[in-house]
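The values are calculated or read from the model by the stated rules, or taken from the named source; none is laboratory data. The shown structure was predicted, so the numbers you read here are calculated from the model rather than taken from an experiment. Glycine gets a Cβ as well: all are built from the backbone with ideal geometry, and neighbour counts include every protein chain shown. When the accessible area is computed, the model is the full protein with side chains, heavy atoms only, and any ligands, DNA or RNA have been set aside. Shrake-Rupley method; radii C 1.70, N 1.55, O 1.52, S 1.80 Å.
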Amino acid sequence: MKDNSKNEIIEYFIPLSHRVEKDVNEVFEEYWYVPLETRDDALIEELYNIKNIVIYQEDIYIGSGNQLIIWDKYGKIKRYLYKKGEDPQSYFFLGNFTIWPNGDILISSANDITTYSNSFKFIRKWADHENIGYIEAITQFNDSSYIIKNMPIQGQSRYRIINPKSGNLINSYDSIEKANKYISSYTNSFERFEGHILSHGYQGNEILECTMDSTKIRYRINIDNKIPPAGFWAQDGKDYVQIVMEETEKGYIGHIPDYVESKETILLSFKGKRDDLNGIALIDKKDGNARVLENIKFDDNFRWLPKQFFSLDEGWCAMLMYPEDVLKKEEFARRFPGLDEESNPVLFIGKLR
């Protein structure tokens, strides 16, 4: 761990040379499994296109493809929302979503936000088709505003803070001076921890703190000295294909798609253009010790790493265990009677140590 005292940026170094197996109890201080009920009209059809997972008043909200499904804390289906369409009370597609404290559901779609009550009654739609780029992520900022993260399009602001009732813009910042030559369409998200809104995602090795008027670098994540140089994604004289080829040939690791932080630990995923440049790392914040995980040992018969995980804020996270993985280990699968290849996943919920 390198602490740059001049600008107070902490850099965590993650070596790729050694991958370790960790017992689930070494990673999580508390956890449980929720087998999600399967029903034909509430099936997670796009297993690897999960937009977000949110827990609200113990209910489980999962956005997959263009539908939002709600289960109770035991995994029993309560209801689902599918209002994809072009009419004023529908969303064009489900990009990301968040839940307001009163239960209202805010769904982002391209460059608009559609709000429904918790019983799925349409409330309002906010749109700004000329002045913002594609909305990558959305979350509550404070009691009277939410924050959105937009694609890095030239001349636009990366972050905007908006009044949820009026739709009025409260503030915007991090103006994009040069557009990236190619824009990732992968999921980006926010993490809430100890009063901070943290931003991370694709084409960036920094974990940022978002305030009302600016971002501040909280950490820099250096995976084996493979950080792309400054300005790499928007460099002059090269097109999309050339930048992708350079990223591949030089083995850069410039994406942090998944991130969860607790008082003592950070769990994050990283991605490059080859399988050996992808992984999940665990960082001890006390001493900066960081290791790439080979597997998490859930019991003597089941070792597994998630393809994706989602922050539930304040050190909690969610992982979807897909039936094809769980059923490979018969003894572990016995924990979930009735699970078969056509079932919805098992949801793992855990709090980092």
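Using a simple spin-label model with points 7 Å from Cα along the Cα→Cβ vector, what separation in nm is obtained for Asn278 and Val241?
2.4 nm
Would you work out the charge dipole size for the stretch 42-190 about its Cα centre, treating the Cβ of every Lys and Arg as +1 and the Cβ of every Asp and Glu as -1, and quote it to the nearest 20 debye?
It works out to roughly 120 debye.
Send over the Kirkwood Rh of the stretch 104-151, from the inverse of the averaged 1/r over different Cα pairs, rounded to one decimal Å.
11.2 Å
Search the structure for amide H atoms under 5 Å from the amide H of Tyr134, placed 1.01 Å from N in the peptide plane, and list their residues when 5 or more places away or on another chain.
Amide H to amide H, under 5 Å and 5 or more residues apart or across chains, Tyr134 pairs with Met151.
In whole Hz and in residue order, list the ³J(HN,Hα) couplings for the stretch 307-318 that follow from phi through the Karplus curve 6.51 cos²θ - 1.76 cosθ + 1.60, θ = phi - 60°; x for Gly and Pro.
My calculation for the stretch 307-318 gives 7, 6, 9, 10, 6, 10, 6, 6, x, 8, 8, 10 Hz in order.
Over the chain, with the other protein chains present, what is the accessible area per residue in square angstrom, probe 1.4 angstrom?
So the chain comes to 46 Å² accessible per residue, rounded to a whole number.
Convex hull over the Cα atoms of the chain, averaged projected area in nm²?
With the hull built on Cα positions only, its mean projection is 18.1 nm².
What is the projected area of the convex hull of the Cα atoms of the stretch 62-102, averaged over all directions, in nm²?
About 3.6 nm², averaged over all directions.
So, taking all protein chains as they sit and a 1.4 Å probe, how much accessible area belongs to Leu94, in Å² rounded to tens?
0 Å²
Quick one: Debye curve from the alpha-carbon atoms of the stretch 235-280 only, equal weights, vacuum; give me log10 I(q)/I(0) at q = 0.26 Å⁻¹ to two decimals.
-0.91
Relative to the Cα centre, what is the charge dipole magnitude of the chain, using +1 at the beta carbon of each Lys and Arg, -1 at the beta carbon of each Asp and Glu, and rounding to the nearest 20 debye?
That gives a dipole near 480 debye.
Over the chain, what is the percentage of antiparallel beta bridges among all DSSP beta bridges, to the nearest 5?
Antiparallel bridges: around 90 percent, rounded to the nearest 5.
Using a 1.4 Å probe on the protein heavy atoms, what percent of the accessible area of the stretch 155-309 belongs to carbon and sulfur?
In the stretch 155-309, the share of accessible area belonging to carbon and sulfur is 44 percent.
Using a 1.4 Å probe and counting only protein heavy atoms, arrange His196, His18 so the residue with the most accessible area comes first.
His18, His196
Of Phe141, Tyr159, Ser119, which is farthest on the positive side of the dipole of the stretch 119-166, counting Cα position, with +1 on Lys and Arg Cβ, -1 on Asp and Glu Cβ, and the Cα centre as origin?
Ser119
Assuming R0 = 22 Å, can you tell me the calculated FRET efficiency for the pair Glu342 and Asp41, based on Cβ-Cβ distance, to the nearest 0.05?
0.95
For the stretch 179-251, which GluC sites (Glu not before Pro) are both in a DSSP coil and crowded by at most 16 other Cβ atoms within 10 Å?
Here the sparse-neighbourhood loop sites are Glu194.
Taking a cut-off of 17 Å, what percent of all Cα-Cα pairs in the stretch 26-117 are separated by more than that?
Roughly 51 percent, once rounded to a whole number.
Report the normalised scattering of the stretch 241-350 as log10 I(q)/I(0) at q = 0.16, 0.18, 0.24 Å⁻¹, calculated by the Debye formula with identical scatterers on the alpha carbons.
-0.86, -1.00, -1.28
Return the subset of Lys83/Lys121; Lys84/Lys125; Lys263/Lys297; Lys181/Lys238; Lys149/Lys263 for which the Cα-Cα distance in this structure is over 18 Å, preserving the input order.
Lys263/Lys297; Lys149/Lys263
With each pseudo-label sitting 7 Å past Cα toward Cβ, what's the Val24-Phe93 distance in nm, one decimal?
For the pair Val24/Phe93, the computed spacing is 3.4 nm.
Can you tell me how the stretch 83-176 classifies by the Cα gyration tensor, rounded, prolate or oblate, using a/c under 1.5 as the rounded cut?
Since a/c reaches 1.5 but b/c is at least a/b, the shape of the stretch 83-176 is classed as oblate.
For the stretch 42-81, what are the per-bin percents of Cα-Cα distances with bins 10 Å wide, up to the bin holding the maximum?
All Cα pairs considered, the percentages come to 35, 57, 8.
Per 0.36 nm of contour for each residue apart, how much would the distance between Asp128 and Tyr80 grow if the chain were fully extended, relative to their Cα-Cα spacing?
Between Asp128 and Tyr80, full extension yields an extra 14.5 nm.
Tell me, what % of the accessible area of the stretch 1-140 is carbon and sulfur with a 1.4 angstrom probe?
46 percent
Looking at the stretch 283-325, what % of the alpha carbon pairs are farther apart than 13 Å?
Tail of P(r) above 13 Å: 69 percent of Cα pairs.
Under the 0.36 nm per residue contour assumption, what length would be gained going from the current alpha-carbon distance of Ala230 and Thr211 to full extension?
4.5 nm
Could I have the simple spin-label model distance between Ser144 and Lys121, label points 7 Å from Cα toward Cβ, reported in nm to one decimal?
Going by the 7 Å Cα→Cβ label model, 2.6 nm.
Enumerate the calculated ³J(HN,Hα) couplings along the stretch 283-299 in order (Karplus 6.51 cos²θ - 1.76 cosθ + 1.60, θ = phi - 60°), each rounded to whole Hz, writing x wherever the residue is Gly or Pro.
Along the stretch 283-299, the couplings run 10, 8, 5, 5, 10, x, 5, 10, 9, 7, 8, 7, 7, 10, 8, 8, 7 Hz.
Net charge near Trp304, counting Lys/Arg +1 and Asp/Glu -1 over other residues with Cβ under 15 Å of its Cβ?
After counting each charged neighbour, the total is -2.
Compute the Kirkwood hydrodynamic radius of the stretch 146-227, taking the inverse of the mean of 1/r over all pairs of distinct Cα atoms, and give it in Å to one decimal.
13.8 Å
Pick out, in residue order, every one of the trypsin sites (Lys or Arg not before Pro) in the stretch 141-243 that is DSSP loop and has at most 14 other C-beta atoms within 10 Å; say none if there are none.
Answer by residue number: Lys165, Lys178, Lys238.
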